[in-house]
Amino acid sequence: MAFGVSAVPGRTSNAARFSLAYAPHEGSFASRGGLIEQIAYAADQGFTAWEDNTARDRPIAQQEQMAKALAQRNMTMGVFVASMPKWGQSRPWLGSDDGAEREAFLADIRASIDVAKRLSASCITVVPGFVAPKIPIDIQTARIIDLMRRASDIVASQDLVLVMEPLNTLTDHPGVYLQTIAQGFAVARGVNSPSVKILADLYHQQIQAGNLIPTLETCWSEIAYLQFGDNPGRKEPTSGEINYNAIVRWLRARSFAGVIGMEHGNSLAGRGGEERLVAAYREIDRA
């Protein structure tokens, strides 16, 4: 029933709505059915947003069904990935001498505009590739800043924001170019555009650099989107070492109204894990 809309127009959630826009994804509530059924279930638990990294690769009909289900439940669409890296090949090298991969990256940005409109998404994830060998990192940074300026020109008139995601190299993604929120801050300031900001995934930042709240404080002007995930294991908050109660208090003190992607798995399998997921977000949301 992945293409069937189970949500009822105008229906409100059965549970108290969360105070922040935490966004589950397909798989967060896998026992409840297909994509559309999971959206309906999330809404019934009080979630007000949804995230889908692979939305760009879905058939248009399914994108439209998803958009309809979200609209019926007054849920906000979070990010999807505009240009997925070739993880197994450690490509693209966007700071290399060869500009072909940069042109392909920009083509992916252009192709993502219609998807964003279809889903009413305002932020699109970009990963600025991998470190190219034998080229000084400062030269690569300059080229990536230039590239993101060109990308900004593509989306600026569409009221879209490209959010660059730093990824950790110690556990998950060795060799990526953008590794910390601080590095993303430097690139975003170099681009100097409201259409290019940072996606602060706190799971990745905790592994790569730690010091989460001071880093958020320093780089806040360039952060447009957040993702949660605990460490170790990349599961729901309260399953690991990150003090998400403190993070939520910090965000609420700044009246953060954006989407927070639940970019993690469940620490327990099956429905027990889904119930634990909801309970964990209830706990941190009370912070």
Practice problem: Please work out which residue is nearest to residue 108 (Cα to Cα), limiting yourself to the stretch 33-60 and to residues that are hydroxyl-bearing (Ser, Thr, Tyr) and under 18 Å from the mean Cα position of the chain (by Cα). | Solution: 54
Quiz prompt | Test result for residue 177, crowded, with 22+ Cβ neighbours inside 10 Å and over 21 Å from residue 255 (Cα atoms) | solution = yes
Quiz prompt | Boolean, residue 112 is surrounded by 13 or more Cβ atoms within 10 Å (Cβ to Cβ), under 17 Å from the mean Cα position of the chain (by Cα) and touching a residue at least 24 places away in the same chain (Cβ under 8 Å) | solution = yes
Quiz item: Do we have residue 142 as in contact with a strand residue (DSSP E or B) (Cβ under 7 Å, 6 or more places away or on another chain), among the small types (Gly, Ala, Ser) and either part of a helix (DSSP H, G or I) or at pLDDT 95 or above (or both) here?
Solution: no
Practice problem: State yes or no: is residue 218 surrounded by fewer than 20 Cβ atoms within 10 Å (Cβ to Cβ), under 19 Å from the mean Cα position of the chain (by Cα) and closer than 30 Å to residue 141 by Cα? | Solution: no
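On the basis of being at pLDDT 95 or above, assigned to a helix (DSSP H, G or I) and of a type in the set (Ser, Thr, Tyr), does residue 218 make the cut?
yes
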Quiz item: Would the stretch 267-275 turn up any residue that is acidic (Asp, Glu), outside any loop (DSSP other than H, G, I, E, B) and either closer than 24 Å to residue 41 by Cα or assigned by TED's automatic domain parsing to the domain that holds residue 70 (or both)?
Solution: yes
Quiz item: For residue 260, all conditions in the list (1) in the same structural domain as residue 50 (by TED's automatic domain parsing); (2) within 24 Å of residue 121 (Cα to Cα); (3) touching a helix residue (DSSP H, G or I) at 6+ places or on another chain (Cβ under 7 Å) hold save one; what is the number of the exception?
Solution: (3)
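The values are calculated or read from the model by the stated rules, or taken from the named source; none is laboratory data. Keep in mind that what you see is a predicted model, and the values were worked out from it rather than measured. Note: ideal-geometry Cβ built from the backbone for every residue, glycine included; neighbour counts use all protein chains shown.
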